[in-house]
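The block underneath contains the structure these notes are about, expressed in structure tokens.
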Amino acid sequence: MVESIKRLPGDKAYRVLESGPTILVSTRNKAGRTDLMTVGFHMVVSHEGVLAAVISPGDFSQRSLAETGECVIGVPGVDLAEKVVDIGNCSGYDVDKFERFGLTAGDAEHVAAPLVNECLANVECTVLDDSMVRDYGGLVLLHAEQVWVNPRRPEHRTFHHNGDGTFNADGEFLDLRERMVLWKEYQT
């Protein structure tokens, strides 16, 4: 290989393979409390609406998802990038993230979890398989029940996490490492 090419260990493969946009996952627990979490690891598994996402074990959202079997995946535009990173830097145990970040919870049709009205798209999901949560860092298989797309939204570009605090936004490079205060260990 050419010496100028940067080498990374195999456990950093996510930095070159994560192709999906950074997403928000909303949940509502049985007591009615909503939460949002930022997720960078997810993928489409099949054309039948099967999706996979890593919902970190122990997070408020993961506990709500385990309790109800429902969530909404929100696809934010690049104009929400800083809010999305900041959402990932605080806990739903401590704060109402919809309120703190000025986001609007919308009504879904098939699940109790709220839509995120400011997102480009929202996908209502139910859990298909959560047997891999413990062994694979929170991996959950989801089924997409309904998709909502907001074509009137002025910003349509999404952004993609590079796994080290930097993001690509439809060809633009966003360096948000300074905002990712809880994830410094992944920036080296």
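What follows draws every value from the coordinates through simple rules; no lab data is involved. It should be emphasised that the depicted structure is a prediction, and the values quoted were computed from it without experimental measurement. Note: ideal-geometry Cβ built from the backbone for every residue, glycine included; neighbour counts use all protein chains shown.
Just a few scattered comments:
- The GluC sites (Glu not before Pro) of region 56-113 meeting both criteria, a DSSP state outside H, G, I, E and B (loop) and at most 11 other C-beta atoms within 10 angstrom of the site's C-beta, are 109.
- For region 1-93, the relative contact order works out to 31 percent when only alpha carbon pairs closer than 8 Å and six or more residues apart are counted.
- Dimensions (Å) - region 132-179, Cα atoms, principal axes, largest first: 36, 31, 18
- FRET E, pair residue 100, residue 13, Förster distance 25 Å, beta-carbon r, rounded to 0.05: 0.15
- Estimated translational D of the chain in µm²/s (Stokes, Kirkwood radius over Cα pairs; 25 °C; 0.890 mPa s): 145 µm²/s
- In this rough spin-label picture, where each label sits 7 Å from Cα along the Cβ direction, the residue 93-residue 157 distance is 3.7 nm.
- Of 104, 38, 27, the one that fluctuates the most in a GNM where the chain has Cα springs shorter than 10 Å: 104
- Anchor residue 184: lysines whose Cα lies under 27 Å away (excluding residues fewer than 8 positions away in-chain): 6, 12, 83, 97
- Relative contact order for region 52-181: 28 percent, from Cα pairs under 8 Å spaced at least 6 residues apart, divided by residue count.
- Report summary: the helix-based calculation at 222 nm, which adds -39500 (n - 2.57) for every DSSP H run with n ≥ 4 and divides by the residues of the chain, gives -3000 deg cm²/dmol.
- Contact order relative to length of region 132-188, as percent, for alpha carbon pairs under 8 angstrom and 6 or more apart: 21 percent
- In the chain, excluding the sites themselves, the longest stretch lacking any of the chymotrypsin sites (Phe, Trp or Tyr not before Pro) that are in a DSSP loop with at most 16 other Cβ atoms within 10 Å is 1-92.
- On full extension, the segment bounded by residue 181 and residue 31 gains 51.0 nm, given 0.36 nm per residue less the C-alpha separation.
- The spacing between region 6-81 and region 83-134, judged by their C-alpha centroids, is 9 Å.
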